[in-house]
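The values are calculated or read from the model by the stated rules, or taken from the named source; none is laboratory data. Only a predicted model underlies this, so the values are computations on that prediction, with no experimental measurement involved. Backbone-built Cβ (ideal geometry, glycine too); neighbour counts: all protein chains shown. All accessible areas refer to the heavy atoms of the entire protein, side chains included, with ligands and DNA or RNA removed. Shrake-Rupley method; radii C 1.70, N 1.55, O 1.52, S 1.80 Å.
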Amino acid sequence: MSDVLIQMEGIDKAFPGVQALKDCRFELRSGEVHALMGENGAGKSTLMKVLTGVYQRDAGTMTLRGSELVVPNAKAAQDKGIAIIHQELNLAPDLTVAQNIFIGREPRKLGFLLNEKELNRKVEQLFQRLRLDLDPNELVGNLTVAKQQLAEIAKALSYNSEVLIMDEPTAALSDAEIEELFVIIRELRRSGVGIVYISHRMDELKRITDRVTVMRDGSYIGTVATAEVTNEQIIAMMVGREIYDSSKPKRREGKGEPVLEVEGLNRKGLKNISFKAHKGEIVGFAGLIGAGRTEVARAIFGADPIDSGEIRVKGRKLRLREPHDAVKAGIGYLSEDRKRFGCIVDMDVQMNVAAASMSSFTNRLGWIKEKRIAEAADKMVETLKVKTPHIRQEVKFLSGGNQQKIVIGKWLTRDCDILIFDEPTRGIDVGAKSEIYKLLNDLAASGKTILMISSELPEILRMSHRVIVMCEGRITGELDQDEATQERIMHLATLRG
Ligand SMILES: Nc1ncnc2c1ncn2[C@@H]1O[C@H](COP(=O)(O)OP(=O)(O)OP(=O)(O)O)[C@@H](O)[C@H]1O
Ligand SMILES: [Mg+2]
């Protein structure tokens, strides 16, 4: 067929202890959005890294418009018009947005001096075309995860490539930003660009993709036209079994005692935050990106200082100077930014699992109880079905979703009374999602108090006993599980003061 851009066949790729790709195949046509689906660790990112020269394949053939495609490194792929937005954000925090986007190809004057004016002009043009609300001169390190993701997208688009690979581009975006992205994707499709789209959000499939290729355990399962299959059929292809979803939270019998009380909390970006969370309760925090939910979590965890207000745990007032104080008071925080705060990617699985509970894994002389750590890690890998060859594997070698499971496991291993989960299922596949929901329900049933921040409304509605909605740094409403609906939450989430 003349409109075939990319053809990959018989692709094998092994890492020590892992056969990541087995006889894998993939075809991309010009002017299509092609979804690549599969469970965490199925091999999606690896296949795309082989295509873009990040990894070299062990076997197989690749062609671009019918001619052999040779990509000895990532630069070679870029030069051939193949751009990728990687799942893990790759920007340099100490450079500005503009510098990041044009890194390695900055406009020069006199041959070597950086032409800053020209750089800024180019970036502003790019942002205008994409209708992005980003300041080119802001340091990337100061941006939220969502903004960093937008900057990554802008960078990939700036190459004007004919193949564009997006590895979970919407994981950190809110609905409004996703809409903007879809407008851009549709424009690119019209102009003939071939787009590979990787996402765990099932609802996006039907809306934006033309075909779906499903992978399982590194193997090719099949390619279908999106319009001709149901989501259930795709999930069945992905997991090879049916998923039972028994995650609806049980009704609470009355309210338990208040475990966490926040009163009149003020700091930059937060206005007079007051709420209570009870024993055995899951409190959902809803709101748009930037509403202040993560800021509340960080204040309770002692990561940011507060100007005024009180935080009490079981009636006792906390003095939080740093996260360590919160951890001592029995608070665990699963951060939305797992790369910066979540896990230590250069350490192995077992040390990450133990990281939040070191004191219980050392004896009085400070010796580390290696065997106990290994047992805890094995248990966690089993409970969360983490895909890793062994618990000594460095976390950076795990797939994105499996890294997220490690962060969850870290806080589960430490027996906290209060657990704050910030976007707990971001990047997690559908099967593992229901495992995590079940786990949260079990934790609540066993008497833990859970705060769950999520940008996915269905997740909030399904998990929360009570929903707190925020807008522009204030709490704009509280809804009980019977009152909470998508419409009511959206109304409160946009209720400006
Ligand atoms: N550099 C590496 N070294 C060792 N193993 C690796 C490496 N990169 C990937 N793997 C392994 O290869 C397998 C496939 O990983 P990959 O990242 O492609 O999965 P994925 O389908 O993208 O999953 P996710 O949805 O979680 O992002 C996993 O078992 C992973 O641990
Ligand atoms: Mg991946």
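Residues are listed down the side, and each one gets a yes or a no for (1) open to solvent by 30 Å² or more (accessible area, probe 1.4 Å); (2) under 29 Å from ALA299 (Cα atoms):
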site	(1), (2)
LYS314	yes, yes
ILE331	no, yes
ALA355	yes, yes
LEU384	no, yes
GLN393	no, no
LEU398	no, no
THR413	yes, yes
Tally of residues being of a type in the set (A, V, I, L, M), closer than 18 Å to LEU419 by Cα and not in a helix (DSSP H, G or I) across the range 307-358: 7
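Residues of the range 251-263 being touching an Asp or Glu at 6+ places or on another chain (Cβ under 8 Å) and part of a strand (DSSP E or B), which ones? Show your work before the answer.
The first filter runs over the range 251-263 and keeps only residues touching an Asp or Glu at 6+ places or on another chain (Cβ under 8 Å), leaving 252, 255-256, 259, 261-263.
Those that are touching an Asp or Glu at 6+ places or on another chain (Cβ under 8 Å) and part of a strand (DSSP E or B): VAL259, GLU261, VAL262, GLU263.
Residue by residue, here is whether (1) of a type outside the set (S, T, N, Q); (2) closer than 17 Å to LEU495 by Cβ; (3) part of a helix (DSSP H, G or I); (4) at pLDDT 95 or above holds:
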residue: LEU265; (1), (2), (3), (4): yes, no, no, yes
residue: LYS271; (1), (2), (3), (4): yes, yes, no, yes
residue: PHE275; (1), (2), (3), (4): yes, yes, no, yes
residue: GLY280; (1), (2), (3), (4): yes, no, no, no
residue: ALA291; (1), (2), (3), (4): yes, yes, no, no
residue: ALA297; (1), (2), (3), (4): yes, no, yes, yes
residue: ASP304; (1), (2), (3), (4): yes, no, no, no
Residue count for the range 333-349, restricted to those that are open to solvent by less than 20 Å² (accessible area, probe 1.4 Å) and hydrophobic (A, V, I, L, M, F, W, C): 3
Residue under evaluation ARG65, criteria (1) open to solvent by 70 Å² or more (accessible area, probe 1.4 Å); (2) within 24 Å of ARG190 (Cβ to Cβ); (3) within 16 Å of ligand 2 (Cβ to nearest atom), criterion not met: (3)
LEU95 being more than 16 Å from ligand 1 (Cβ to nearest atom) and touching a residue at least 24 places away in the same chain (Cβ under 8 Å): yes
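Only residues that are more than 16 Å from ligand 1 (Cβ to nearest atom), farther than 23 Å from ASN137 by Cα and in a loop (DSSP other than H, G, I, E, B): list them for the range 64-92, please. It would help to see each step written out before you state the result.
Going through the range 64-92, the residues more than 16 Å from ligand 1 (Cβ to nearest atom) turn out to be 64-72, 75-83, 91-92.
This time we only want the ones that are farther than 23 Å from ASN137 by Cα, so: 64-72, 75-83.
Correct list: ARG65, GLY66, LEU69, VAL70, VAL71, PRO72, LYS80, GLY81.
From ASP378, ASP422, which residue is in contact with a Phe, Trp or Tyr (Cβ under 8 Å, 6 or more places away or on another chain) and either of a type outside the set (A, V, I, L, M) or within 14 Å of ligand 1 (Cβ to nearest atom) (or both)?
Values: ASP378 fails: in contact with a Phe, Trp or Tyr (Cβ under 8 Å, 6 or more places away or on another chain).
Answer to the check: ASP422.
Test of understanding: among ALA98, ALA42, which residue is at negative phi and assigned to a loop (DSSP other than H, G, I, E, B)?
Working: ALA98 fails: assigned to a loop (DSSP other than H, G, I, E, B).
Exactly one of ALA98, ALA42 is at negative phi and assigned to a loop (DSSP other than H, G, I, E, B), namely ALA42.
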ILE406 vs. criteria assigned to a loop (DSSP other than H, G, I, E, B), aliphatic (A, V, I, L, M) and assigned by TED's automatic domain parsing to the domain that holds LYS314: no
Complete set of residues in the range 161-182 that are open to solvent by 40 Å² or more (accessible area, probe 1.4 Å) and without any contact (Cβ under 8 Å) to a residue 40 or more places away in the chain: GLU179
Count - residues of the range 1-18 that are modelled with pLDDT under 95 and more than 16 Å from ligand 2 (Cβ to nearest atom): 5
The range 126-160 - residue that is among the hydroxyl-bearing types (Ser, Thr, Tyr) and open to solvent by 40 Å² or more (accessible area, probe 1.4 Å) and, of those, nearest to the chain's Cα centre (by Cα): THR144
Residue that is farthest from PHE15 (Cα to Cα) [pool: residues in the range 27-51 that are of a type outside the set (A, V, I, L, M) and more than 13 Å from ligand 1 (Cβ to nearest atom)]: GLY31
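Run down LYS387, LYS396 and say which single residue is over 23 Å from ASP203 (Cα atoms), within 16 Å of ligand 2 (Cβ to nearest atom) and part of a loop (DSSP other than H, G, I, E, B). Walk me through it before giving the result.
On the way: LYS396 fails: part of a loop (DSSP other than H, G, I, E, B).
Criteria check complete, one pass: LYS387.
Could you please give the count of residues in the range 214-231 that are of a type outside the set (A, V, I, L, M), away from ligand 1 (no atom under 12 Å from the Cβ) and within 30 Å of GLY17 (Cβ to Cβ)? Explain how you work it out, then say what you get.
Narrowing the range 214-231 to residues of a type outside the set (A, V, I, L, M): 216-220, 222-223, 226, 228, 230-231.
Then drop every residue that is not away from ligand 1 (no atom under 12 Å from the Cβ), which leaves 220, 222-223, 226, 228, 230-231.
Cutting the leftovers down to within 30 Å of GLY17 (Cβ to Cβ) gives us 220, 222-223.
Summing the residues that are of a type outside the set (A, V, I, L, M), away from ligand 1 (no atom under 12 Å from the Cβ) and within 30 Å of GLY17 (Cβ to Cβ) in the range 214-231 gives 3.
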Members of the range 380-403 that are more than 27 Å from LEU21 (Cβ to Cβ) and either modelled with pLDDT of 90 or more or not assigned by TED's automatic domain parsing to the domain that holds ALA329 (or both): none
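Show me the helices (runs of 4 or more DSSP H) entirely contained within the range 420-497 in which 1 or more residues are open to solvent by 50 Å² or more (accessible area, probe 1.4 Å) and touching a residue at least 40 places away in the same chain (Cβ under 8 Å).
Details: elements: 430-445, 457-463, 486-493.
Here the list reads 430-445, 457-463.
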Total residues in the range 120-175, condition more than 16 Å from ligand 1 (Cβ to nearest atom) and within 19 Å of LEU51 (Cα to Cα): 10
